[in-house]
Amino acid sequence: MKHWLKKYAAHLMLLILLSLTAIPFEAIAGSIGPAAAFRNEVLRTSTGEAPLVSVMEAKDLPGQLVTVQGVVVKNQVRIRGGKRSVHIQDETGGIHIYDYRGPDAKAGNRIQVTGVVGDRQGLLEIRPTTAPIQVLQKNKSVPAPSSLQMADLNHAGRAEALKGQLVKLPGQMKELPAGPTDGVYRIPVADEAGNVITLVAMEGLLDLHEIRVGGTYEITGILSQYETYEIIPQSPADLVAINPNK
């Protein structure tokens, strides 16, 4: 008897382990709670398996395939190299969707995107795969902008937490470019302490003749980064004069 047990013990252990791995996911999810179950949800795509994660979680997964959901906070625009770009935001943060090729990229639409988390000159972004981009809801409220001072950009924790989100901040126009570069105007904006951010406006968005060098404005837009911090407005209404003649 002892000889028989010794001979087949390994086989019995293998059978037990195989039976445990056959437990359905739903049974495991029920025992660990809905939040943990959500974090472990996996979407199978033509390019692999992409966990459904929050924007904050996605930012901690560079180089990995993920699925995120969020509200579009800025209409689709054309950026460097003719690529199209949108920004989405959920309850945990905001993120840039690079080379967007999906439908209805309009502010207020809640979408689902699968892609690889990448880093472009300090900006974390989602680079979509061939998996279909879904519009989950339309005409949702765009999140209100968070108030920011340019001095906050010197504090990595504060600035990084808001990067990719809609913000508003005051600043003084330092100079106006002679013309656009790659279809965008890049305008340096500063505060009295000398902190600087770059206002990035698509060609045709703003009437530069209405902007005064030295004037102070409240700017609303996406807090972004391309080596240095940028703010990207969406419409002329995103630039409000506080003291345009200063």
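Points worth noting:
- Enumeration of residues in segment 215-235 that are buried (at least 17 other Cβ atoms within 10 Å of the Cβ) and of a type in the set (S, T, N, Q): Thr216, Thr220, Ser224, Gln225, Gln234
- Contact annotation: residue pairs with Cβ atoms under 6 Å, 6 or more positions apart or on different chains, pairing a residue in segment 106-120 that is without any contact (Cβ under 8 Å) to a residue 40 or more places away in the chain with a partner that is open to solvent by 10 Å² or more (accessible area, probe 1.4 Å), are Lys106/Asn75; Gly108/Asn139; Gly108/Lys140; Gly108/Val142; Asn109/Val135; Asn109/Lys138.
- The residues of segment 156-214 that are open to solvent by 30 Å² or more (accessible area, probe 1.4 Å), under 24 Å from the mean Cα position of the chain (by Cα) and of a type in the set (Gly, Ala, Ser), listed by number, are Ala156, Gly157, Ala161.
- Failed condition for Pro188, given (1) assigned to a loop (DSSP other than H, G, I, E, B); (2) touching a Lys or Arg at 6+ places or on another chain (Cβ under 7 Å); (3) not aliphatic (A, V, I, L, M): (1)
- Residue match in segment 55-75 (condition: surrounded by fewer than 18 Cβ atoms within 10 Å (Cβ to Cβ), modelled with pLDDT under 95 and in a strand (DSSP E or B)): yes
- Any chance Ile79 is surrounded by 13 or more Cβ atoms within 10 Å (Cβ to Cβ) and either among the polar types (S, T, N, Q) or at pLDDT 90 or above (or both): no
- In this structure, Ile111 does not satisfy being touching a Gly at 6+ places or on another chain (Cβ under 6 Å) and open to solvent by less than 10 Å² (accessible area, probe 1.4 Å).
- Out of Glu175, Glu218, Glu192, sole residue that is at pLDDT 95 or above and of a type in the set (Asp, Glu): Glu218
- Some residue of segment 97-104 being open to solvent by 30 Å² or more (accessible area, probe 1.4 Å), without any contact (Cβ under 8 Å) to a residue 40 or more places away in the chain, within 17 Å of Ile222 (Cβ to Cβ) and among the basic types (Lys, Arg): no
- Applying the set (1) closer than 22 Å to Val66 by Cβ; (2) part of a strand (DSSP E or B); (3) of a type in the set (A, V, I, L, M) to Ile197 leaves exactly one unmet item: (1).
The values are calculated or read from the model by the stated rules, or taken from the named source; none is laboratory data. Keep in mind that what you see is a predicted model, and the values were worked out from it rather than measured. When we count neighbours, we look across all protein chains shown, and the Cβ atoms used for this are built from the backbone with ideal geometry, even at glycine. Only protein heavy atoms, including side chains, enter the accessible area calculation; ligands, DNA and RNA are left aside. Shrake-Rupley method; radii C 1.70, N 1.55, O 1.52, S 1.80 Å.
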